[in-house]
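Written out below as structure tokens is the structure these notes cover.
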Amino acid sequence: MTVPPEVEAEVRRLFFAEHWKVGTIAQQLDVHHDVVRRVLGLLPPPEATAPRARRLDPYRDFIAARLKDYPRLRATRLST
């Protein structure tokens with residue numbers, strides 16, 4: 001979720017200048033507490049995930065070979 005720069009500035013001001021707690025800031029500004037933590041840099045960076053395998057992956061070579069031989073082949077004929 002992205003928040004406007006004005007809200008980010010207000011979060012920083014309330015935390016660093018006014019010494020408010022994260023939950024109090026979230027409640028006052030009507031944002032999620034994780035948004036407050038992200039703006040303040042208190043959350044760890046998101047982990048990179050490996051791409052998931054797709055159902056089509058085992059058949060990619062077969063499909064590529066058929067389409068190379070028959071470029072006008074329709075998907076309905078390819079599956080039979």
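The values are calculated or read from the model by the stated rules, or taken from the named source; none is laboratory data. Bear in mind that the values here come from a model prediction, so they are computed numbers and not experimental data. Glycine also receives a Cβ, built like all others from the backbone with ideal geometry; neighbour counts cover every protein chain displayed. With ligands, DNA and RNA removed, areas are computed over all heavy atoms of the protein, side chains included. Shrake-Rupley method; radii C 1.70, N 1.55, O 1.52, S 1.80 Å.
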Full-stretch length increase - Glu47, Ala75 - with 0.36 nm per residue and alpha-carbon distance subtracted: 6.4 nm
Spin-label pair His32/Leu56, simplified geometry with 7 Å Cα→Cβ offset, distance in nm: 3.0 nm
Surrounding net charge for Glu18, when Lys and Arg each add one and Asp and Glu each subtract one, Cβ distance under 12 Å: +2
Net length gained if the chain between Ile63 and Thr24 were fully extended (0.36 nm per residue, minus Cα distance): 8.4 nm
Kirkwood hydrodynamic radius of the chain, Cα pairs, Å: 17.0 Å
Protein accessible area in the chain, 1.4 Å probe - carbon and sulfur %: 54 percent
